[in-house]
Each structure stands twice: as C-alpha cells, then as structure tokens.
1. Answer yes or no as to whether residue 62 is buried (at least 22 other Cβ atoms within 10 Å of the Cβ) and more than 22 Å from residue 166 (Cβ to Cβ).
2. Just to be sure I understand the filter: pairs with C-beta atoms under 7 Å, separated by 6 or more residues or on different chains, first member in region 44-68 and without any contact (Cβ under 8 Å) to a residue 12 or more places away in the chain, second member in a helix (DSSP H, G or I) and surrounded by 14 or more Cβ atoms within 10 Å (Cβ to Cβ). Which pairs pass?
3. Within region 57-78, how many residues turn out to be in contact with a strand residue (DSSP E or B) (Cβ under 7 Å, 6 or more places away or on another chain) and more than 14 Å from residue 41 (Cα to Cα)?
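Derivation of every value follows stated rules applied to the coordinates shown; laboratory data play no part. All values reported here derive from a predicted model rather than from experimental measurement. We place every Cβ from the backbone using ideal geometry, glycine too, and count neighbours over all the protein chains shown.
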C-alpha cells in the first residue's frame, strides 16, 4: 500500500497545474464524450483534444470507445484517424505525424515497467517514461501494441496483432509478435510449412494421408 502511494506521489508531483486540470477533465468529461455517437461525438472529441493536447495540427477523427489519457503530452498532425477502442497514454510524450491511421483495439503507451527491477511493480526504479514517435502516413493495424520509446517511420505499415518493441524504419512493413519485417515473417512461415511437410512424409513414406490409408485398408 505504501509503495503504491509513493509511486502515485512521484507521478503527481511532476504535474503542473495545467496537467492536473487536463487529467481531471479526462477523468470526468472524456468518459462522457468518448462513447457519444454520431458526427456530434466525433466533433466533441476533436474539440476536447484541441483544448487539452500539446498540439493538434488539423481535424482528427477519434472513433467511439477510445481512451486518451495525459493528452497534454500528445502532439497530433492533420488528418489523424482512429478506429474504435484505441488506448493512448501520452504521459511520456507521443508525437503523431500527418495522415496517421490507427486500427481498432490498438494500445500506444509511453510509459513502462522494467522487468529487471527487484523492487516490484511500485519500485522507484521500475517505472519509466519514454516518448513514442509515429511518422507521416504510417498505418497501424488492428490489435497492435506499441511499446514505449519506439519510433515508427513515415509511410510504415504495422500488420494486425503485432507487438512493436523496436523501431520501424521509413516505408517498413512489419508483422508478428515481436514485430519483424514482413518478408522475414513470410520466410519463417514457409520454412515451418516445408518442415511440417517433411515430417509428414517421414512418418508416412507411402505419401498417403491417414484418411487415405484408412480408406485403403477398409476397401481391401
């Protein structure tokens, strides 16, 4: 209990008055408008970010169900768009370029807890803030996780269900957990397929599938 309170204190003392007011607005106002339907809801979420975010370069489309916290550290370019149920925590700083698209259920968090600490979840040296940068025209597929400290280059594409723990270069195409270049993931998939085929052939030299062998015995 004392460790948890100490951790909360370390975070709160870093807040300016503006940061504190933004957090209060997010806790009470955002939770009302985050699920507001229709064009009115999109407009309200946009104007909320205009008032609380570090920078909003132009209109942004925030779909229903999205959670955005510590938006005072969020910098957004023009034509930013999210699908539903995206989580963005900008406590460590998040910079999004122009024309960035984010699919549903994506998690972008600019803070983390190191696994190497022996002080536990609330330890003083466990909690770290690291900025995230996503370049112009980047596209993040559904159900992805973007780790604190990661930079995703302009025009990069992150495939659905990817766990991005390292930087992605400009024009990069990554997929998987952990995310790796698409061509590498495809080669790995093909190698596994060939390996499975080889094992099947070793276990059944006749080349017949188990069902075929069974049918042959019955017919005989």
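1. yes
2. The qualifying pairs are 44/33.
3. 9
Here is a yes/no grid of residues against (1) touching a strand residue (DSSP E or B) at 6+ places or on another chain (Cβ under 7 Å); (2) surrounded by 15 or more Cβ atoms within 10 Å (Cβ to Cβ); (3) in a loop (DSSP other than H, G, I, E, B):
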residue	(1), (2), (3)
136	no, yes, yes
142	no, yes, yes
170	no, no, yes
187	no, no, no
